[in-house]
Each structure stands twice: as C-alpha cells, then as structure tokens.
Amino acid sequence: MDHSNYEIDEMISAKSIAARVETLAKEISAYFADTDKLIVVGLLRGSFVFIADLVRELDLPVEVDFLEASSYGNTTESSREVRILKDLRGEIEGRDILVVEDIVDTGHTLDHVLHLLQSRKPKRLMTCALLDKPSRRETGVKADWTGFEIEDKFVVGYGIDYAQRNRNLPHIGAVRFTS
Ligand code: PRP
C-alpha cells in the first residue's frame, strides 16, 4: 500500500494537552519539592515540544539536558537494539533526574535509557511520558507520570512525526491513510 496520502484526525486538543501538562507539572513539582536542582532530560527528538511546555510549568529550579536514542527493529521485533546517538552533556551522579518522553510504545527506548542512566547512580530517577500505548508494550517499563493512555493508533503532532513531518501540529492527531 502506498502510504503517501493521509488525513489527520484530531485526537487530543491543544487545550486538553495544556491542562494535563499543568496537572503533571504540579504533581512533579510536589514530588521534587525538596530538590536542589532537578535535571530534566528530554529524549530527542519527539519530546522537544512537551519538555518546553512542561519545564515552564514546573515550580522548581531546573536544568535541562537532552539525550537522543535510536531504536532499530530486527527480525524478531521484540529484541530491539537501542543506540545512543547523543549523550547527556552533564554528570548525573547523586542528582535528581526526570526523563521526559513523548510516547512509550514497545518501551524499548525508555527501558534502555533508564538502565543506562541508573548505572550512573542518580539520587532519584523518575519518568514522565505524554502518551502511553500499553497495548504495544514489549518490556516491563512504565512511566511514573503519564499524560494520556491511548489506543494503538499512529499518532502525530506536539513533537511527534510521521516521516519527519507534522511535529509542529499543536494537537495530537491520529493518522488515517487514504491510499
Ligand atoms: C519514538 C518516540 C519514543 C520511541 C518510543 O522515537 O519518540 O522515543 O519512539 O518507542 P518505543 O517505546 O517502541 O521504543 P523515534 O525513534 O521515532 O525518534 P524521534 O523521537 O526522533 O521521532
């Protein structure tokens, strides 16, 4: 099938996302209320919009860092190889860390990143994902805070792409292929 033609149906409005981000930020701020300085780690590229909105709602001193991971499926699908394309700039030993992900699908990316960061001995390592597709999970990973649980639909917008397009949509949309 040629997937060149598609429409995007709005699934989660920009207003709903903003309201949820505000709630998540309140919970995260309360959890880390005693931190010296939280390091918020965005997983590139999909989390760049979410992290920008989230950090502006956090009532905490924060540092921002980024990590880029790439996941390659192999023939068995369930044993993905995750590679780090861009590592953190800073040290995290003894620090409070919040990893921010746009979507947890199979969970391989987050699982790999959490194991890597845990090996660097942070004080607390917590995770926040905007979207979660639990029906697709192939690992035991679960974010500590989740924005929205969604069904298994191909989604775009608010940082998430389809073939590198549509990351700049202000809402989350579901892709519907028309040819
Ligand atoms: C997407 C998404 C998550 C990951 C989730 O990233 O941003 O990082 O896949 O999938 P998983 O739970 O099955 O591992 P992608 O590799 O498409 O890169 P991008 O963030 O640069 O768009």
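Just the number, please: carbon plus sulfur as a percent of the accessible area of the chain, 1.4 Å probe, no ligands or DNA/RNA counted. Kindly include the intermediate steps, with their values, before the conclusion.
Numbers: 4400 of 9370 Å².
Answer for the chain: carbon and sulfur cover 47 percent of the accessible area.
Once you charge only the Cβ atoms, +1 for Lys and Arg and -1 for Asp and Glu, what is the size of the charge dipole of the chain about its Cα centre, to the nearest 20 debye?
Numbers: 23 positive and 31 negative charges, 46 e Å.
Roughly 220 debye for the chain.
Tell me, what is the percent relative contact order of the range 139-179, built from C-alpha pairs under 8 Å that lie six or more residues apart? Walk me through the numbers before you get to the answer.
Numbers: 39 pairs, mean separation 12.9, N = 41.
31 percent.
With point charges of +1 on the Cβ of Lys and Arg and -1 on the Cβ of Asp and Glu, referenced to the Cα centre of the chain, which listed residue (67, 147, 175) lies farthest in the positive direction of the dipole?
The residue sitting farthest along the positive end of the dipole is 67.
Counting alpha carbon pairs within less than 8 Å and at least 6 residues apart, what relative contact order, in whole percent, applies to the chain? Present the calculation step by step, with values, prior to reporting the outcome.
Values: 360 pairs, mean separation 48.1, N = 179.
The value is 27 percent.
Pull out the extension gain between residue 89 and residue 121, defined as 0.36 nm times the separation in residues minus the alpha carbon to alpha carbon distance; nm, one decimal.
On the way: separation 32, 0.36 × 32 = 11.52 nm, distance 1.59 nm.
Stretched fully, the residue 89-residue 121 segment lengthens by 9.9 nm.
Run the simple label-point estimate for residue 7 and residue 27 please: 7 Å along Cα→C-beta, distance reported in nm.
With each label placed 7 Å out from Cα toward Cβ, I get 3.4 nm.
With the radius of gyration and the Kirkwood radius both derived from the Cα set of the chain, what is their ratio Rg to Rh?
Details: Rg = 16.3 Å, Rh = 16.9 Å.
A ratio of 0.97.
Positive end of the charge dipole of the range 14-150 (Lys, Arg +1 and Asp, Glu -1 on Cβ, about the Cα centre): tell me which of 55, 115, 30 has its Cα farthest that way.
In the range 14-150, that residue is 115.
Excluding ligands, DNA and RNA, what is the solvent-accessible area per residue of the range 14-150 at a probe of 1.4 Å, expressed in Å²?
Values: 6840 Å² over 137 residues.
Using a 1.4 Å probe on heavy atoms only, each residue of the range 14-150 averages 50 Å².
The values are calculated or read from the model by the stated rules, or taken from the named source; none is laboratory data. Note that the structure is predicted; figures quoted are calculated from it, not measured. All Cβ positions, even for glycine, are placed from backbone atoms using ideal geometry, and neighbour counts span all protein chains on display. The protein model used for the area step is the full one, side chains on, heavy atoms only, and it has no ligands, DNA or RNA in it. Shrake-Rupley method; radii C 1.70, N 1.55, O 1.52, S 1.80 Å.
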